[in-house]
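Single-structure report; data block below.
Read the figures in this text as sums done on the coordinates, not as results from a lab. Nothing here was measured: the structure is a model prediction, and the numbers come from that model. Using ideal geometry, Cβ is built from the backbone for each residue, glycine included, and neighbour counts are taken over all protein chains shown.
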Amino acid sequence: MAEQTQATDERAVRRARRQALIDAGCNPYPIKSEVTAHTAELEERYAELEDGAVTEDIVSVAGRIRALRNQGKIAFVVLEDCTGQIQLFCRVNELSEDDWALLGQLDLGDIIGATGPVIRTRRGQLSVAPTSLTLLTKSLRPLPEKFHGLTDKEVRYRQRYVDLIMNPEVKETFVKRSQLISAIRHHMENEGYLEVETPILQETLGGANAKPFITHFNALDQECYLRIATELHLKRCIVGGMERVFELGRQFRNEGMDLTHNPEFTSMEAYCAYSDLEGMKTLTEGLFQACAKAVGLGDVIEYQGQQLDLRSPWRSASLSELVSEYVGREVTLDTPVEELRALCTEQGIEWDESWGAGKLIFEIYDTFVEGTIVQPTFVCDYPVEVSPLTKRKDDDPRLTDRFELIVAGHEYANAYSELNDPVDQEERLLAQVEAKAAGDEEAMEYDADFVRALEYGMPPTGGIGYGVDRMIMLFTDSASIRDVLLFPHMKPERRNQPRKAVTGKLEAGITREQAYELLKQYNEDPFHIAHGETLEGLMRYFAEKNDPENVEFWGLVGLLHDLDWEKWQDAEQHTVKAGELLEEAGATPELIRAIQTHNSEHNAELPKPELVMEKYLYATDELSGLIQAVAKMRPSKTVTDMEVKSLKKKFKTKSFAAGCDREIIQQGAELLGIELDELFTQTLEAMKAIAPVGDIYAE
């Protein structure tokens, strides 16, 4: 609060200076400015200039003030432009009276222009010695404090403009992003591919299985979608005789966010007539090598502490081969289903009676193997069961002609020998229509025009899609997709929230024994009592790490958060009745408020989560339920042997534990200012720490 007040006071001072400049006839936001040189250019041009030397070369520079020091008749200003920082060596006898007076009105963050000769001071600092100064922009907000800078990730992502000012390495990441995008285009063009543009606003949903963003086209009174993929339009181009095409652009999927996913993202799809998967492998190896070269990397790069060798050829391995290596014995589609089921059980994977050999093998790969692949690997021969819309292999129709590129445990590309049989394609699209009618929000729609295009004939074609943002993460050694998106999607900023932290001990007004008796009085179902105990344990765990003085208070918030749910199951009024019951029992307003915040999404009259305690309650209430549902499906019936990957997989399977609100979980992560993956990790660790509390399905 003190920092916020200080910043407000500083803004008031700067506004007063702005007005004083205006009153004195100085425009703090002039139209004209002049720049004849940048810092990097000057550093290179005058690298050999001797200490104490003065040139007659007059330059005009401009930039943001990063440091300002006045020493009587001399002032030193550090000016930062887009290429670096340079010193202005200001002397009273070289500047006009007005310009010297202007120095006294400047603040850190102001943008100024300076004209004068290039010199090197006796201490060896390359400088410009201004003969004139011009204020180009008066900054009304102070930059973050010098030594701590801008470190809060949520603030950095939301206020990227400040992040770019304060953190040079962030700016370098986005310089590299531009270089990588350019390199991708040049490589594709050099390979003979033609860049095309296809509609972003589409009337038919297709090209992938994903939940779309829906909008309305007023002129035609037509419901439309933001595209989820470019596939179907690019294939139309192949039908039309454009033998090699690609599109680099934005896709939109109305789904969750985590370390590698953002609802608006960049991908590239490419299609090559008369090619196949081998052609796509060659294209991919060359593309990644060109990207590494574009940002000054060699054949071996480092990503998150792992050495990756990009030299050709990359390994190609079948999915069954990789699973066989993992389990230590040969596994194929011919392995009896009973053996594969037993193998899944050994690995702690829950399986379904309807699963065939391909699905069982894939589950082992997806759960345990993919994340262990470090070096670039083309994972091939996916079973038909997990790739129903893909062309089958000629020599084994149980397998599909497809590969995924896996690097450092993540997928970077997905390639196919494209389906070009119009009858087969039509049947598959009709099956998707049936799935959509049955409630699958991610199923594609029937695209009659695309089927018509295929009926004219599409040649054998190799196709591939790349996750460009993930590629940029790889070549900039970035752990999160938000670090490579200038403006990642954020939950709307909540303003006027003074309650950010607790200082001192909080009083609950009731003891733990009283709280437990109250919980039992209004909850007869053992499940509801167990859920309260689970949240109590989680809240105590997080309190130990964040607010150790108030562990008991946090625990009571968790224990009583659903006090009224069993007897008054009204989503909007949930916690309202609890507030009345708690008040009668002598609970403090602080306890009641903290409990009520977790239902604020359903009742706008309730307080929003503001304290860290309230945010953890909001985030872990739904997530703990999902974790318990996942544990129920495991052979052990416990969280103690659960991996984060298993949790993430079930989170993405919307039909699993459908009552657990994924959006609330996502919002909880955003409230805490952490990635969804980090929330999963923290909560699962907490669940393991409090076990067997929370293992409500354990036998």
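From the Cα gyration tensor of region 410-498, with a ≥ b ≥ c the square roots of its eigenvalues, which class applies: rounded if a/c is under 1.5, or else prolate if a/b is larger than b/c, or else oblate? Could the numbers behind the result be given before it?
On the way: a/c = 3.56, a/b = 1.68, b/c = 2.11.
It comes out oblate by the Cα gyration axes.
With the cut-off at under 17 Å, measuring from each backbone N in region 558-575 to a point 7 Å along the Cα-to-Cβ line of Glu524 picks out 564-569. How much of the pair distance distribution for region 271-397 lies past 16 Å, counting alpha-carbon pairs only, in percent? For region 271-397, the fraction of Cα-Cα distances above 16 Å is 68 percent. From most to least packed by mean Cβ count within 10 Å, the peptides 107-114, 640-647 give 107-114, 640-647. Here region 106-261 is treated with +1 on each Lys and Arg Cβ and -1 on each Asp and Glu Cβ, and its dipole about the Cα centre works out to around 820 debye.
Among the listed pairs Lys153/Lys615; Lys520/Lys615; Lys393/Lys648; Lys293/Lys645; Lys359/Lys645; Lys32/Lys138, a Cα-Cα separation exceeding 22 Å is found for Lys520/Lys615; Lys393/Lys648; Lys293/Lys645. Remark: region 420-471 is approximated by an ellipsoid whose semi-axes, taken from the C-alpha gyration tensor as √(5λ), come to 22, 21, 8 Å, largest first.
Please give the FRET efficiency for Arg329 paired with Arg45, using the beta carbon to beta carbon distance and R0 = 56 Å, rounded to the nearest 0.05. Intermediate values should be presented prior to the final figure.
Values: r = 67 Å, r/R0 = 1.20.
Given R0 = 56 Å and the Cβ-Cβ separation, E is 0.25.
Within region 342-373, name every residue whose backbone N is under 20 Å away from a label modeled 7 Å from Cα of Leu259 along the Cβ vector. Label zone hits: 365-373. Pairs over the 23 Å Cα-Cα cut-off, from the set Lys632/Lys654; Lys505/Lys545; Lys436/Lys650; Lys567/Lys632: Lys567/Lys632. Where in region 233-257 does the label zone of Asp449 land, with the point 7 angstrom along Cα→C-beta and an amide N cut-off under 18 Å? Flagged as within label range: 233-242. Each principal axis of the Cα cloud of the chain was evaluated for its coordinate range; sorted largest first, these ranges are 91, 77, 57 Å. Note on region 408-427 and region 609-679: Cα centroid distance 32 Å, given to the nearest whole angstrom. Quarter the surface of the alpha carbon convex hull of region 609-685 and you get the mean projected area, 4.6 square nanometres. Comparing region 20-110 with the 2.2 N^0.38 Å rule of thumb, its C-alpha radius of gyration ratio is 1.17 (two decimals). How many percent of the alpha carbon pairs in region 351-461 exceed a separation of 16 Å? Taking all Cα-Cα pairs of region 351-461, the fraction more than 16 Å apart is 68 percent. Protection proxy ranking for 337-343, 355-361, using the average of other Cβ atoms within 10 Å per residue and placing the highest first: 355-361, 337-343. Multiplying the residue separation of Val155 and Val196 by 0.36 nm and removing their Cα-Cα distance gives an extension gain of 11.1 nm.
Applying D = kT/(6 pi eta Rh) to region 264-310, where Rh is the Kirkwood radius over alpha-carbon pairs, T corresponds to 10 °C and eta to 1.306 mPa s, the Stokes-Einstein value obtained is 126 µm²/s. Which values of log₁₀ I(q)/I(0), to two decimal places, follow from the Debye formula for region 61-125 at q = 0.14, 0.17, 0.30 Å⁻¹ with a uniform point scatterer at every Cα? The Cα Debye sum returns log10 ratios of -0.38, -0.57, -1.64. For the listed peptides 423-431, 18-26, 481-489, 126-134, a ranking on the average number of other beta carbons within 10 Å per residue, highest first, reads 126-134, 481-489, 423-431, 18-26.
Altogether, the Stokes-Einstein calculation at 20 °C and 1.002 mPa s, with the Kirkwood radius of region 372-414 over Cα pairs as Rh, returns a diffusion coefficient of 198 µm²/s. Shape analysis of region 108-196 places it in the oblate category; the axes a ≥ b ≥ c from the Cα gyration tensor give an a/c of at least 1.5, with a/b not above b/c.
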